[in-house]
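The values are calculated or read from the model by the stated rules, or taken from the named source; none is laboratory data. These numbers come from a predicted model, not from an experiment. When we count neighbours, we look across all protein chains shown, and the Cβ atoms used for this are built from the backbone with ideal geometry, even at glycine. Surface accessibility is based on the protein's heavy atoms, side chains included, excluding ligands, DNA and RNA. Shrake-Rupley method; radii C 1.70, N 1.55, O 1.52, S 1.80 Å.
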Amino acid sequence: MPVWNAIQSRFLNTVKQLTNEELALQMDDTSIGYMLRHNAEVEYMFAAWFFNKPMPEDLVIHTHRGATRSKETFTNLEEIVSFLEASQTWLIQGMSELPEEEWNEIKKCPIGDSTPLEAVGRLMYHTGIHAGQISYIKKQHAAKQV
């Protein structure tokens, strides 16, 4: 949990420093805002698949085809931050409630069989990929402004 919290708090702090305008910046067909929405939705999915925490009934998944397959954008930073914080809380609750003996049990899910412990690693990797993409998009945009 300490490693998870360190990575996620750093990611969230980076997100909070973005502007609404930066959320619309794109790489190919994907905006920063869309990637952030996708990241949070994946956390909800993993909570359901690996940590026995069903998704909230009112949750609408917009990015089910991945972070690069939609023209939809999300440009309200306050809403994105709130959604990311909620997905984090939801996932951490699921992780905290999972009995110790289940952490290494293989679970069948749409992305392939995995243990909850492996799933946490996959989520860290997933967040890292999107953090890198966001940084790259911002740098590319800044270079064009010079």
Return the carbon/sulfur percentage of the accessible area of the chain, one whole number, probe 1.4 Å, all protein chains in place.
52
Charge dipole of the chain about the Cα centre (unit charges at C-beta), most positive-ward option of I111, S82, Q26:
Q26
Computed magnitude of the charge dipole of segment 15-146 (debye, nearest 20; Cβ of K, R +1, Cβ of D, E -1)
640
Ellipticity estimate at 222 nm from DSSP helix runs (n ≥ 4, -39,500 (n - 2.57)) divided over the chain, nearest 500:
-21000 deg cm²/dmol
Span from the segment 78-146 Cα centroid across to the segment 26-56 one, whole angstrom:
7
Computed from the mean reciprocal separation of all distinct C-alpha pairs, what Kirkwood hydrodynamic radius does the chain have, in Å?
15.8
P(r) tail fraction, segment 63-146 - alpha-carbon pairs more than 15 Å apart, %
74
Segment 1-99: trypsin sites (Lys or Arg not before Pro) in DSSP coil with no more than 15 other Cβ atoms inside 10 Å
R65, R69, K71
